[in-house]
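Read the figures in this text as sums done on the coordinates, not as results from a lab. Given the structure is predicted, the values throughout are model-derived calculations rather than measurements. Glycine also receives a Cβ, built like all others from the backbone with ideal geometry; neighbour counts cover every protein chain displayed.
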Amino acid sequence: MRTFTKALNTVATTVALAIAGAAASAEKWDMPMAYAATNYHSEMGVVFADKVREYTGGEIDITVHPGGSLFKGGEIKRAVQTGQAPIGERFMSAHANEAPLLGWDNLPFIATTYEQNSALWAAAKSKVNAQLSDLNLVALYTCPWPGQGFYFNKEVSSSKDTQGVKFRSYNTATATFAEELGMIPVQVEAAELSQALATGVAQSFISSGSTGYDRKVWEHLSHYYKVNAWLPRNYVIINKGVWEGMSADMQAGIQKAADETGAACAAKSAELANWYFEQLEANGMKVADAGSEFLSELEAIGAKMTADWLAVVGADGQAILDAYNAN
Ligand code: PCA
């Protein structure tokens with residue numbers, strides 16, 4: 001009996017040690033994300049982490065840090081490039097100031113529906129990946145925001161109403177857009193948007209219903225004009241050295257998690273797009289299509305911005321648009 005108990009104890013100890021061993025050898029990754037914890041992008045980040053744990057047999061254990069809490073939105077790319085964080089999530093076209101090609105999804109009125117946006121992504125993907133490789137990054141999945149429109153604190157029917165308005169931009173392209181409308185841009189992270197509106201740093205911005213909802217902008221603003229100017233994407237990026245240092249099996253597990261999460265995230269975005277508008281309305285905002293005069297001004301500015309982007313990016317940019325238009 002005593003021997004049997006002893007044997008059992010030995011087995012138990014061995015099992016416990018094996019479990020402890022697996023846990024100790026699990027690699028822990030911090031994943032900074034830029035947007036609100038309750039936003040679907042961040043919730044999908046958690047889904048991704050869970051899938052990675054599952055598909056790598058527990059070997060990679062990702063902790064998600066949403067809302068710019070570990071690194072601010074503007075710092076995430078550098079953190080991943082330099083390996084301060086192995087992996088992170090950010091808004092792709094925020095990086096177009098350094099690598100203009102990454103503004104492919106920020107071209108006004110080129111792809112204004114989810115379907116068109118995914119066709120444009122299919123046309124852009126290999127060029128984007130080549131660009132990212134030069135930046136020491138690999139994209140694991142991308143996920144679109146709903147269509148972009150304008151928030152104001154008053155009725156706006158043309159650029160006559162936008163002169164001198166302080167505008168929160170989220171990248172270079174949106175700053176240019178604002179300037180063309182006579183507005184004064186200042187770049188502010190989504191995480192700091194409520195404060196910027198409360199203190200009068202900004203009186204207007206372009207975004208989806210999603211960010212207006214997350215930041216409760218009805219406390220400061222009154223009108224949303226639907227434009228669907230573009231559907232920009234967030235992406236989850238991993239340090240290239242970390243990625244290349246992994247076994248093919250681990251890479252396959254992570255890529256499977258990424259593919260599934262990217263698809264689920266895009267579906268969630270489409271599912272929520274109108275719901276966000278309903279929430280803005282329920283909280284007292286007037287949500288309407290942009291008027292025809294305003295819209296035609298926006299389209300003229302958009303055409304100029306696309307031409308400018310092509311001039312800067314060159315043949316690779318033209319190849320993306322040609323491939324997209326060939327469909
Ligand atoms: N929300 C983000 C980017 C695009 C969007 O819809 C923001 O406003 O920062």
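List of remarks:
- When DSSP beta bridges are restricted to pairs lying wholly in the chain, around 55% turn out antiparallel.
- Global geometry of region 253-327, whether rounded, prolate or oblate, following the gyration tensor of its Cα atoms and the 1.5 cut on a/c: oblate
- Principal semi-axes in Å for region 29-143 [√(5λ), Cα gyration tensor, largest first]: 24, 16, 15
- In summary, the convex hull built on the alpha carbon positions of region 202-327 has an orientation-averaged projected area of 11.5 nm².
- Three-way shape call for region 262-305 based on the alpha-carbon gyration tensor, with the a/c threshold at 1.5: oblate
- Of LYS216/LYS286; LYS226/LYS286; LYS226/LYS304; LYS51/LYS77; LYS51/LYS256; LYS72/LYS125, pairs whose Cα-Cα distance is over 18 Å: LYS226/LYS304; LYS51/LYS77; LYS72/LYS125
- Cut-off under 5 Å, modelled amide H: who pairs with ALA37 long-range: GLY67
- Placing a label point 7 Å from the Cα of SER157 along the Cα-to-Cβ direction, the residues of region 289-309 with a backbone N closer than 20 Å are 289-300.
- For region 225-276, the share of alpha carbon pairs falling in successive 10 Å distance bins from zero is 18, 40, 24, 15, 4 percent.
- Computed lengthening from ALA326 to ALA300, 0.36 nm per intervening residue step minus Cα-Cα distance: 7.0 nm
- Difference of contour (0.36 nm per residue) and Cα-Cα distance, GLU278 to LYS216: 21.0 nm
- Three-way shape label, region 150-201, alpha-carbon gyration tensor, a/c 1.5: oblate
- Within the chain, helix-based [θ] at 222 nm, where runs of 4 or more DSSP H residues each add -39,500 (n - 2.57), nearest 500: -16000 deg cm²/dmol
- Taken about its Cα centre, region 44-112 carries a charge dipole of about 180 debye when Lys and Arg each add +1 at the Cβ and Asp and Glu each add -1 at the Cβ.
- Stokes-Einstein D (µm²/s) once Rh is taken as the Kirkwood radius of region 70-221 over alpha-carbon pairs, at 25 °C in 0.890 mPa s: 148
- Linear extension gain, LYS28 paired with GLU244, 0.36 nm per residue minus alpha-carbon span: 76.0 nm
- Cα-based equivalent ellipsoid of the chain: semi-axis lengths in Å, sorted from largest, via gyration tensor: 42, 23, 16
- Spatial extent of region 210-252: Rg and Dmax, with the Cα atoms as the point set, Å: 19.4, 53
- Footprinting exposure proxy ranking of THR112, THR261, THR38, THR172, fewest other C-beta atoms within 10 angstrom first, gives THR38, THR112, THR172, THR261.
- Near TYR141, once Lys and Arg are set to +1 and Asp and Glu to -1 for all other residues with Cβ below 10 Å from its Cβ, the sum equals -2.
- Sorted by Cβ neighbour density within 10 Å, fewest at the top, the residues SER126, SER210: SER126, SER210
- For MET246, MET44, order by how many other beta-carbon atoms lie within 10 Å, fewest first: MET246, MET44
- Peptides 99-105, 287-293 ranked from most to least packed by the mean count of surrounding Cβ atoms within 10 Å: 99-105, 287-293.
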